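Q: The structure that follows is given in the form of structure tokens.
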Amino acid sequence: MNVRIYKDAKTIGTAAATLFTACVIEKPDCVLGLATGSTPIPTYEKMAELYRDGVVDYAGVTTYNLDEYVGLDHGHDQSYYYFMQENLFRHINVKEENVHVLSGIAPDPEQECSEYERAIEAAGGIDLQILGIGRNGHIAFNEPADSFAPATHVVELTESTIDANKRFFASADDVPRRALTTGIGTIMKARAIVLIATGADKAEAVRAMVKEPVSPRCPASILQFHPNATILLDEAAASLL
Ligand code: PGA
């Protein structure tokens, strides 16, 4: 793990956007793995700025998002598809047909998951994956468990995740209880990974990820085994290292 500590979230966003932009410049038809949540927003803002400045062209890029809530269609303002449109896709020239987000309303969620996993493989796999981390150590919606999930699957969200995400909904009761998520195996196949964590409420999860033995009780700890994982932290998130 390559751990880097920065002064604030904006600077981390610039660092991560630089890595993404370099990836697209080097490989214009690359496959990017994208994430939602508050953490990647400064990265997406900087990626859009670099696109506007003419630094990078997304016309040949394909994207796959990590996860989606069960029950929310792509037009729902809390769906992760909607989030990506608002925060990144409508600000860059990625082609609509090259954008992939799991469907929360697929009639057969298990089939949706297996087709998504196959589609990522058929696209040649993820070149660069951005990740956040949950306060409970989750990556994507891979919650603490007894084993690592190998592939895209349907999950029951934990109370910790529902509590963390209720700020985006009218109440905790409105947060979907299930989600579709790429698996730990899916994430670990990415050729390069950038995980971002900011704020003191991520410090314990970051400590467990970096310092504790690899365990599915802290899903992010698996990144210790990844050959090209870069961890970008602010000082608060790094305070227990
Ligand atoms: P956050 O979510 O960026 O909104 O903190 C991160 C995550 O749960 O993976």
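Q: Determine if the stretch 6-22 includes at least one residue that is in contact (Cβ under 8 Å) with a residue 12 or more places away in the chain, within 30 Å of Gln111 (Cβ to Cβ) and within 16 Å of the ligand (Cβ to nearest atom).
A: No, the stretch 6-22 contains no residue that is in contact (Cβ under 8 Å) with a residue 12 or more places away in the chain, within 30 Å of Gln111 (Cβ to Cβ) and within 16 Å of the ligand (Cβ to nearest atom).
Q: Let me ask you something else. Hey, among Thr230, Thr198, which residue is of a type in the set (Ser, Thr, Tyr) and surrounded by fewer than 22 Cβ atoms within 10 Å (Cβ to Cβ)?
A: Selected residue: Thr230, the only one of Thr230, Thr198 that is of a type in the set (Ser, Thr, Tyr) and surrounded by fewer than 22 Cβ atoms within 10 Å (Cβ to Cβ).
Q: (1) within 10 Å of the ligand (Cβ to nearest atom); (2) open to solvent by 30 Å² or more (accessible area, probe 1.4 Å): which one isn't true of Gly134, the others all being true?
A: It is condition (2) that Gly134 fails.
Q: Quick one: would you say Arg177 is under 28 Å from Asp77 (Cα atoms), open to solvent by 70 Å² or more (accessible area, probe 1.4 Å) and not hydrophobic (A, V, I, L, M, F, W, C)?
A: The answer is yes for Arg177.
Q: If you don't mind, another one. Consider the stretch 153-202. How many of its residues are within 12 Å of the ligand (Cβ to nearest atom), of a type in the set (A, V, I, L, M), closer than 19 Å to His100 by Cα and under 13 Å from the mean Cα position of the chain (by Cα)?
A: Of the residues in that region, 1 qualify.
Q: Related question: In the stretch 39-65, what residues are of a type outside the set (D, E, K, R) and without any contact (Cβ under 8 Å) to a residue 12 or more places away in the chain?
A: Gly54
Q: Another question about this same structure. What number goes with the only condition from (1) touching a Lys or Arg at 6+ places or on another chain (Cβ under 6 Å); (2) at positive phi; (3) of a type outside the set (Val, Ile, Thr) that Gly199 does not pass?
A: (1)
Q: Being under 26 Å from Leu19 (Cβ atoms), outside any loop (DSSP other than H, G, I, E, B) and β-branched (Val, Ile, Thr) narrows it down to one residue among Ile126, Ile120, Ile133; which is it?
A: After applying the criteria, what remains is Ile120.
Q: Let me ask something else about it. Output the residue which, of all residues in the stretch 137-152 that are of a type outside the set (A, V, I, L, M) and surrounded by 21 or more Cβ atoms within 10 Å (Cβ to Cβ), is nearest to the ligand (Cβ to nearest atom).
A: Restricting to residues being of a type outside the set (A, V, I, L, M) and surrounded by 21 or more Cβ atoms within 10 Å (Cβ to Cβ), the top hit is His138.
Q: Here is a follow-up. Answer yes or no as to whether Thr63 is in contact with a strand residue (DSSP E or B) (Cβ under 6 Å, 6 or more places away or on another chain), more than 16 Å from the ligand (Cβ to nearest atom) and within 26 Å of Ala123 (Cα to Cα).
A: yes
Q: Ok, one more. Are there strands (runs of 3 or more DSSP E) fully within the stretch 138-234 with at least 2 residues that are free of Cβ contacts under 8 Å to residues at least 60 places away in the same chain and more than 27 Å from Gly13 (Cα to Cα)? List them.
A: 153-156
Q: Oh, and also: Condition first: of a type outside the set (A, V, I, L, M, F, W, C), outside any helix (DSSP H, G or I) and out of contact with any helix residue (DSSP H, G or I) (no Cβ under 8 Å at 6 or more places or on another chain). Now tell me which residues in the stretch 92-103 satisfy that.
A: Hit for the stretch 92-103 is Lys95, nothing else.
Q: Do you know which residues across the stretch 27-38 are crowded, with 17+ Cβ neighbours inside 10 Å and either without any contact (Cβ under 8 Å) to a residue 40 or more places away in the chain or away from the ligand (no atom under 16 Å from the Cβ) (or both)?
A: Cys30, Val31, Leu32
The values are calculated or read from the model by the stated rules, or taken from the named source; none is laboratory data. Every value quoted in this text rests on a predicted model; they were computed, and no experiment measured them. When we count neighbours, we look across all protein chains shown, and the Cβ atoms used for this are built from the backbone with ideal geometry, even at glycine. Surface areas here come from the heavy atoms of the whole protein model, side chains and all, with no ligands, DNA or RNA. Shrake-Rupley method; radii C 1.70, N 1.55, O 1.52, S 1.80 Å.
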